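The block underneath contains the structure these notes are about, expressed in C-alpha coordinates.
The values are calculated or read from the model by the stated rules, or taken from the named source; none is laboratory data. In this text, all values refer to a predicted model and were calculated from it rather than measured experimentally. Cβ placement follows ideal geometry from the backbone for every residue including glycine, while neighbour counts extend to all protein chains displayed.
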Amino acid sequence: MSIQPKQLQEAGMEVPTLPDKLFFSIREVSDLCAVEPHVLRYWETEFRHIRPVKKGGNRRFYRHRDIYAVLQIKHLLYDLNFTIRGAKKRLMSGDLNDIVEKPDAQVSLKQIREELVSIRDLLAD
(Lines give C-alpha, C1' and ligand atoms only; values in the text may rest on other atoms or scores of the structure.)
Protein backbone atom coordinates (compact mmCIF):
# COMPACT_ATOMS: atom_id res chain seq x y z
CA MET A 1 0.00 0.00 0.00
CA SER A 2 1.79 3.10 -1.24
CA ILE A 3 -0.61 6.00 -0.91
CA GLN A 4 0.56 9.51 -1.73
CA PRO A 5 -0.84 12.70 -0.18
CA LYS A 6 -2.09 13.90 -3.58
CA GLN A 7 -4.27 10.80 -3.89
CA LEU A 8 -5.73 11.38 -0.44
CA GLN A 9 -6.46 15.04 -1.24
CA GLU A 10 -8.11 14.12 -4.55
CA ALA A 11 -10.29 11.70 -2.60
CA GLY A 12 -11.52 14.54 -0.40
CA MET A 13 -9.39 14.11 2.71
CA GLU A 14 -7.49 16.87 4.49
CA VAL A 15 -3.80 15.97 4.52
CA PRO A 16 -1.41 17.97 6.70
CA THR A 17 1.91 19.04 5.21
CA LEU A 18 4.54 16.74 6.69
CA PRO A 19 7.96 18.08 7.66
CA ASP A 20 10.85 16.91 5.50
CA LYS A 21 12.18 14.12 7.69
CA LEU A 22 12.13 10.34 7.63
CA PHE A 23 10.78 9.43 11.07
CA PHE A 24 8.18 10.90 13.41
CA SER A 25 7.58 10.21 17.09
CA ILE A 26 4.20 9.03 18.30
CA ARG A 27 3.57 12.51 19.77
CA GLU A 28 4.26 14.17 16.39
CA VAL A 29 1.93 11.76 14.59
CA SER A 30 -0.68 12.31 17.27
CA ASP A 31 -0.51 16.07 16.73
CA LEU A 32 -0.43 15.83 12.91
CA CYS A 33 -3.39 13.46 12.70
CA ALA A 34 -5.35 14.75 15.71
CA VAL A 35 -5.50 11.27 17.24
CA GLU A 36 -4.44 10.43 20.79
CA PRO A 37 -1.27 8.28 21.21
CA HIS A 38 -3.17 5.46 22.94
CA VAL A 39 -5.49 5.28 19.91
CA LEU A 40 -2.47 5.02 17.59
CA ARG A 41 -1.04 2.18 19.69
CA TYR A 42 -4.41 0.38 19.55
CA TRP A 43 -4.72 0.84 15.79
CA GLU A 44 -1.26 -0.72 15.38
CA THR A 45 -2.64 -3.91 16.90
CA GLU A 46 -5.73 -3.86 14.67
CA PHE A 47 -4.43 -2.65 11.30
CA ARG A 48 -1.41 -4.14 9.61
CA HIS A 49 -1.06 -0.98 7.52
CA ILE A 50 0.52 0.87 10.44
CA ARG A 51 3.98 -0.53 11.14
CA PRO A 52 6.20 1.93 12.97
CA VAL A 53 9.85 1.11 13.46
CA LYS A 54 10.51 0.24 17.10
CA LYS A 55 13.87 1.19 18.52
CA GLY A 56 15.49 1.15 21.97
CA GLY A 57 13.08 1.26 24.86
CA ASN A 58 10.26 0.16 22.53
CA ARG A 59 9.95 3.73 21.16
CA ARG A 60 7.92 4.01 17.98
CA PHE A 61 9.04 5.92 14.91
CA TYR A 62 6.50 6.40 12.14
CA ARG A 63 7.26 6.89 8.44
CA HIS A 64 5.25 8.95 5.96
CA ARG A 65 3.35 5.87 4.77
CA ASP A 66 2.33 5.10 8.35
CA ILE A 67 0.96 8.62 8.76
CA TYR A 68 -1.04 8.34 5.52
CA ALA A 69 -2.42 5.00 6.70
CA VAL A 70 -3.44 6.61 10.02
CA LEU A 71 -5.22 9.38 8.10
CA GLN A 72 -7.13 6.83 6.01
CA ILE A 73 -8.12 4.80 9.05
CA LYS A 74 -9.20 7.93 10.92
CA HIS A 75 -11.33 8.97 7.94
CA LEU A 76 -13.00 5.58 7.74
CA LEU A 77 -13.69 5.33 11.47
CA TYR A 78 -14.48 8.92 12.42
CA ASP A 79 -15.85 10.53 9.26
CA LEU A 80 -17.57 7.61 7.56
CA ASN A 81 -18.55 5.79 10.79
CA PHE A 82 -17.06 2.42 9.85
CA THR A 83 -16.49 -0.22 12.49
CA ILE A 84 -12.96 -1.54 13.00
CA ARG A 85 -13.95 -4.69 11.14
CA GLY A 86 -15.51 -2.74 8.27
CA ALA A 87 -12.49 -0.45 7.99
CA LYS A 88 -10.18 -3.48 7.82
CA LYS A 89 -12.24 -4.95 4.97
CA ARG A 90 -12.22 -1.63 3.09
CA LEU A 91 -8.46 -1.26 3.48
CA MET A 92 -7.88 -4.81 2.25
CA SER A 93 -9.49 -3.91 -1.08
CA GLY A 94 -6.51 -1.63 -1.71
CA ASP A 95 -8.34 0.74 -4.09
CA LEU A 96 -8.29 4.26 -2.69
CA ASN A 97 -11.53 5.14 -4.49
CA ASP A 98 -13.23 2.38 -2.52
CA ILE A 99 -11.50 3.39 0.70
CA VAL A 100 -12.36 7.08 0.72
CA GLU A 101 -15.79 8.42 0.00
CA LYS A 102 -15.93 11.27 -2.51
CA PRO A 103 -17.02 14.73 -1.32
CA ASP A 104 -20.14 14.62 -3.55
CA ALA A 105 -21.28 11.44 -1.86
CA GLN A 106 -20.69 13.02 1.55
CA VAL A 107 -22.89 15.97 0.61
CA SER A 108 -25.70 13.70 -0.54
CA LEU A 109 -25.41 11.62 2.64
CA LYS A 110 -25.65 14.80 4.67
CA GLN A 111 -28.78 15.79 2.75
CA ILE A 112 -30.32 12.38 3.27
CA ARG A 113 -29.57 12.55 6.99
CA GLU A 114 -31.17 16.00 7.25
CA GLU A 115 -34.26 14.80 5.41
CA LEU A 116 -34.57 11.78 7.68
CA VAL A 117 -34.32 13.99 10.75
CA SER A 118 -37.04 16.26 9.41
CA ILE A 119 -39.26 13.23 8.68
CA ARG A 120 -38.66 11.92 12.20
CA ASP A 121 -39.60 15.33 13.63
CA LEU A 122 -42.81 15.37 11.58
CA LEU A 123 -43.74 11.90 12.78
CA ALA A 124 -43.03 12.84 16.40
CA ASP A 125 -45.64 15.63 16.30
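Restricted to the stretch 50-85, and to residues that are at pLDDT 90 or above and assigned to a loop (DSSP other than H, G, I, E, B), which residue is nearest to Lys21 (Cα to Cα)?
This residue is Arg63.
Looking at the stretch 28-37, is at least one residue loosely packed, with under 14 Cβ neighbours inside 10 Å and within 27 Å of Leu109 (Cβ to Cβ)?
Checked against the condition, which is being loosely packed, with under 14 Cβ neighbours inside 10 Å and within 27 Å of Leu109 (Cβ to Cβ), the stretch 28-37 yields at least one hit.
Counting only residues that are farther than 24 Å from Tyr42 by Cα and β-branched (Val, Ile, Thr), which one in the stretch 86-125 is modelled with the lowest pLDDT?
This residue is Val107.
Pull out all pairs, ordered by first then second residue, where Cβ-Cβ is under 8 Å, the residues are six or more apart or on different chains, the first lies in the stretch 15-40 and is of a type in the set (D, E, K, R), and the second is not in a strand (DSSP E or B).
That search, which allows pairs on different chains as well, returns Arg27/Pro37; Glu36/Ser30.
Could you list all residues from the stretch 9-43 that are outside any helix (DSSP H, G or I), touching a helix residue (DSSP H, G or I) at 6+ places or on another chain (Cβ under 7 Å) and modelled with pLDDT under 95?
Correct list: Ala11, Gly12, Met13, Val15, Pro16, Leu18, Phe24, Val35.
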